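**Q** The following block contains the structure, expressed as structure tokens.
The values are calculated or read from the model by the stated rules, or taken from the named source; none is laboratory data. Bear in mind the structure is a predicted one, so any value in this text is a computation, not a measurement. So basically every Cβ, Gly included, is an ideal-geometry build from the backbone, and we count neighbours across all protein chains shown. SASA here: full protein model, heavy atoms, side chains in, ligands and nucleic acids out. Shrake-Rupley method; radii C 1.70, N 1.55, O 1.52, S 1.80 Å.
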Amino acid sequence: MTDRERTDREPRSNGDFVQEVMTRSELLELLADRPRTARELADQLEMARSTVHRAADTLEAHGLVEKPADRFESTGLGDVVADELRTFRTNLEGARRLEPFLNTIDDSAPAVPVEHFTDATVTCSRHRQAHVGVKRITDLIEETDSLRMFSSIISPLYVDVARREILDGMEIEVIFDQQIIEIILEQHVEEAMEAFETGRFEVYVAENVPFELFLFDERVGLAAHDESGIARAFVETTDSGARSWAESLYAEYAADTDAFRLE
């Protein structure tokens with residue numbers, strides 16, 4: 001193709017380019033895998049070959065596709081765009097799965113890498129079953145040997161199970177905000193003192209905690225609460241990318257805390 005021909009076929013605007021990419025995303029991704037004939041594309045996309053030819057011609061005008069012989073194939077630009085489309089689809093899948101969590105947390109909360117949560121399990125509170133998320137969290141506490149977490153709420157159910165597990169040998173490190181520390185001093189002093197005396201319970205105070213984060217032995221958990229403190233969504237995953245992100249986020253908050261100890 002000459003420079004003159006390429007100039008004549010360049011898209012008129014970025015808007016045209018983006019619209020065509022989104023409309024023909026499946027075709028682009030198929031060609032990024034390997035070259036295909038019009039018949040193959042028509043069969044796989046379940047469309048008429050005439051439609052395939054029109055779509056491919058438009059993509060060719062955008063520099064995404066070419067047809068050197070009897071097959072259509074992706075260009076270098078087409079390969080890059082196809083990769084971005086796959087990433088975009090993965091992000092959308094993760095965001096959709098996390099919808100109950102994302103729609104409950106505050107807008108100022110740290111961004112969650114949704115691409116690592118496409119296979120996450122999400123437990124949501126339901127009518128007459130408001131505490132199913134808390135129940136799942138306590139079950140996981142009982143199954144793990146150690147736990148690191150930060151939280152802006154405290155539940156009597158957490159207190160009971162955590163105390164029992166600490167006395168049984170479990171290690172817990174937790175970051176609370178100041179309001180939770182005050183609740184502990186008012187309502188749970190005896191349980192906290194008993195846990196501290198084991199040497200397996202460490203508490204740190206942070207100025208602000210965005211949601212609940214749990215680092216269990218085998219998985220990561222995230223919980224979002226409504227204004228009454230009920231866990232509306234609990235997210236759990238064993239994804240390694242989610243684990244790396246959660247470890248970094250916990251370390252970020254842990255670096256700006258003060259140790260708390262009952263005297």
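**Q** Residues that are farther than 28 Å from Glu99 by Cβ, open to solvent by 20 Å² or more (accessible area, probe 1.4 Å) and acidic (Asp, Glu): does the range 212-222 have at least one?
**A** No: the range 212-222 contains no residue that is farther than 28 Å from Glu99 by Cβ, open to solvent by 20 Å² or more (accessible area, probe 1.4 Å) and acidic (Asp, Glu).
**Q** Which of the residues spanning the range 192-209 are crowded, with 18+ Cβ neighbours inside 10 Å and not aliphatic (A, V, I, L, M)?
**A** Phe201 - this is the single residue of the range 192-209 that is crowded, with 18+ Cβ neighbours inside 10 Å and not aliphatic (A, V, I, L, M).
**Q** Of the residues that sit in the range 226-243 and are open to solvent by 10 Å² or more (accessible area, probe 1.4 Å) and over 17 Å from the mean Cα position of the chain (by Cα), which one is modelled with the highest pLDDT?
**A** Filtering the range 226-243 for residues that are open to solvent by 10 Å² or more (accessible area, probe 1.4 Å) and over 17 Å from the mean Cα position of the chain (by Cα), the one modelled with the highest pLDDT comes out as Asp226.
**Q** Strands (runs of 3 or more DSSP E) wholly in the range 187-263 with at least 3 residues that are among the small types (Gly, Ala, Ser) - which ones?
**A** Correct list: 220-225.
**Q** Right, something else. Find all pairs meeting these conditions: Cβ atoms under 7 angstrom apart; at least six residues apart or on different chains; first residue within the range 144-172 and within 17 Å of Ile183 (Cα to Cα) and among the small types (Gly, Ala, Ser); second residue open to solvent by less than 30 Å² (accessible area, probe 1.4 Å) and assigned to a loop (DSSP other than H, G, I, E, B).
**A** The qualifying pairs are Ser151/Val209; Ser152/Val209.
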